[in-house]
Each structure stands twice: as structure tokens, then as C-alpha cells.
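The values are calculated or read from the model by the stated rules, or taken from the named source; none is laboratory data. For clarity, every value in this text was computed on a predicted model and none was experimentally measured. For neighbour counting, all protein chains shown are included, and Cβ atoms are generated from backbone atoms with ideal geometry for every residue, glycine included.
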Amino acid sequence: MSRYDRTGSDRANLYDEITNKIIAELEAGRIPWVQPWGTSAAKAPLGLPRNASTGRSYSGINVLILWGAVIEHGFPAQGWLTFRQALSLGGNVRKGERGTTVVYADRFVPDDEKKRARDAGEEAHAIPFLKRFTVFNTAQCEGLPEEIETIAPPPPPGMIEPRVEALIKATGIDFHIGGNKAFYIPSLDVVHVPPPAAYFEPINWHRTALHEVGHASGHHSRLNRDLSGSFGSKPYFFEECVAEISSAFCCAAMGIVPTVRHSDYIGAWIDTMRADNRVIVRAASQASKAADWILSFLPEDERPVAEPETAIDRRAA
């Protein structure tokens, strides 16, 4: 159920497909990383989409793709399977069902590049490509084991806020509460967030805190992202997009409905995506790395396990 084409045109087409879909959502006033969880439009519970066979969460741009499919088709679950995985579990995809395309990044070295590198005594340069897979929501399947179809209950509301506060403390980030603005200063590696009382709802403070911690994850001592962009520059808007999406991923993993902090940046994000059809894929990938880093400080039994984004999973997960 997979295929890839090493030609540049196929890679460009796949990036175009993903980018155009994200732009269309933004132009329609829908934020792909902020879905209407808890409303009649969303039948599935809040959470990261996962492979129902391996139990691993999807990452990067695949989270946005699968969240969009859950909302568009009204699926009641966040679990996904390939055609063969459904069969291996004793079930099958119902006749007539149409799958959703997800992607995996990989690299290959062309034969002529191998020869050039050998002749020059240099290391061969690999070329990145995206590999397509088709997956089906568990609601599109039948005959699956009962435990596959079971929907995990959401965390008790009273447990969410203490978990977030403990998580922030566990990261070791220099985190200051006070003032009237939320921001991260890369040169000092310090986060400032107003006190919870400044927010209409306490959970909004926690969303904001996760956004700023998302920025801090990019410090050179952690994930080493480019945090040098000045306000209004493309690197600045890219980093804001990374922080927005990483916060949404962390929120979903911890039972907090994601929201967008900077809706006034939407026009800039659209312009940036139009100029570079790979930027949203890169931003989502960096956001997943940021969310993974942050969530790694949860107790071991509470951490989501993500599918490796840059490796071909032979189980087609």
C-alpha cells in the first residue's frame, strides 16, 4: 500500500498537495492544528492520532493530515491502520472505503552520486524524498479485535493542570511568572509568562506556557533551531508556526483543547507557504521534535510513543 517516485516532479507534487490543502484550510478560517474537539463537529476524542496496530502516535505533518480527515469525515476514533494491518489483526477494510494518504520522509543515494563520491573520495550526498502510505480509520474497518476499537477515556479534568505544571518544572527551563506579556528570550534562555490570574480561564495560562516552552525547546543547548529571526521575517514566522503546532501537539497529548495564540500571523503563514511548498512540512516536523522533547519529561508510563518520522517503518505504520 505504499509507493514512491524518486523524480523531482513527484516530490514537488506531493509537497504541493499537502501545502495547498493546509493553505485552503487557513483561508477558510480553519487552523489545521486547532480542531473543534468537544463539539458536534468532532466525533473523535481529543488526542494524537495513532497507529492502532503498533500503538505509536503519528508525528509531524501526518498529525495535521489525520486530524483533518477525522473532522472532515466525522470519524469517531483516532486509530489508523494500513490495509494489510487490518487483515493481520483478523479484520478488513470495508468495501468501498477510501483511505487517507500519509507520508514518511527518507533519503536515497543515486548511483551516479555514489560513483562521483567514490571517484572524489568524498561522502555521497543523499537526496530526500517523501514516501506515501494509505491508512484507514478503524471506523472504516470491520472484524477488528475489541481492544483495537476501544476508545481510551480522557484524563480527569482535575489532573490536567497539575500535570502541566509538573512537566514545565521537570524540563528545567528558567521559567518566570510575572508581568503582563508572555515571551521567550533566546539570548538569556528564559521564559516569562503572566500569572494565571491574568487569564480568563486557568487552562489558557497552561496553553500559553506550553507555547513559550515550545520556543525554549529550540535553544542551542536543546534542539538547536534557528531562533535568530527578527519580528516580521520569514524565520520569525516559521518559529512561531513551530511553537503554535508544538503547543497543539502537547495540549492534545495532555487532554487540553488546542487553541491558536497568534491568529494575526495567518496571512504571513499563508504567504510563506506559497513561497516555499516544503515549509509547512518542515515546521510540523520541527514541532513534533519540540513536542517529543517536552513530553519526554512526563513520567515514563504517560509518554506518547511516536512513529519515527524519518525512517521507513517496515510494518507500514
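Check off (1) surrounded by 14 or more Cβ atoms within 10 Å (Cβ to Cβ); (2) within 29 Å of Ala275 (Cα to Cα) for Asp189 and give me the number that stays unchecked.
Answer for Asp189: the failing condition is (2).
Take the residues in the range 129-183 that are touching a Ser or Thr at 6+ places or on another chain (Cβ under 9 Å) and among the charged types (D, E, K, R); name whichever of them is modelled with the highest pLDDT.
Result: Arg132.
Against the definition (closer than 30 Å to Ala268 by Cβ and of a type outside the set (Asp, Glu)), how does Ala42 come out, yes or no?
yes
Tell me which of these Asp5 doesn't satisfy, since it passes every other one: (1) under 23 Å from Phe83 (Cα atoms); (2) modelled with pLDDT of 90 or more.
Every condition holds for Asp5 apart from (2).
Mind listing just one residue for me: the one in the range 229-273 that is buried (at least 16 other Cβ atoms within 10 Å of the Cβ) and of a type in the set (Ser, Thr, Tyr) and, of those, nearest to Ser57 (Cα to Cα)?
Residue satisfying both the conditions and the ranking: Ser246.
Name the residues in the range 99-150 that are touching a residue at least 60 places away in the same chain (Cβ under 8 Å) and among the acidic types (Asp, Glu), would you?
Asp106, Glu149
Filter the range 17-36 for residues that are in a helix (DSSP H, G or I), of a type outside the set (S, T, N, Q) and within 17 Å of the chain's Cα centre (by Cα) and give the result.
Ile18, Lys21, Ile22, Ile23, Glu25, Leu26
Condition first: in contact (Cβ under 8 Å) with a residue 24 or more places away in the chain and of a type in the set (S, T, N, Q). Can you find one or more residues in the range 230-241 that meet it?
Checked the range 230-241: no residue is in contact (Cβ under 8 Å) with a residue 24 or more places away in the chain and of a type in the set (S, T, N, Q).
List pairs: first in the range 251-275 and in contact (Cβ under 8 Å) with a residue 12 or more places away in the chain, second assigned to a helix (DSSP H, G or I) and of a type in the set (S, T, N, Q), Cβ under 6 Å, 6+ apart or cross-chain?
Qualifying pairs under 6 Å: Met273/Thr19.
Looking at Ala209, Ala253, Ala197, which is the one that is outside the structural domain of Trp67 (by TED's automatic domain parsing), within 25 Å of Ala105 (Cβ to Cβ) and small (Gly, Ala, Ser)?
Selected residue: Ala253, the only one of Ala209, Ala253, Ala197 that is outside the structural domain of Trp67 (by TED's automatic domain parsing), within 25 Å of Ala105 (Cβ to Cβ) and small (Gly, Ala, Ser).
Take the range 93-108 and flag every residue that is surrounded by 13 or more Cβ atoms within 10 Å (Cβ to Cβ) and within 25 Å of Ser59 (Cα to Cα).
Val93, Glu97, Gly99, Thr100, Thr101, Val102, Val103, Tyr104, Ala105, Asp106
Can you confirm whether Thr39 is surrounded by fewer than 12 Cβ atoms within 10 Å (Cβ to Cβ) and closer than 28 Å to Ile148 by Cβ?
In short, yes.
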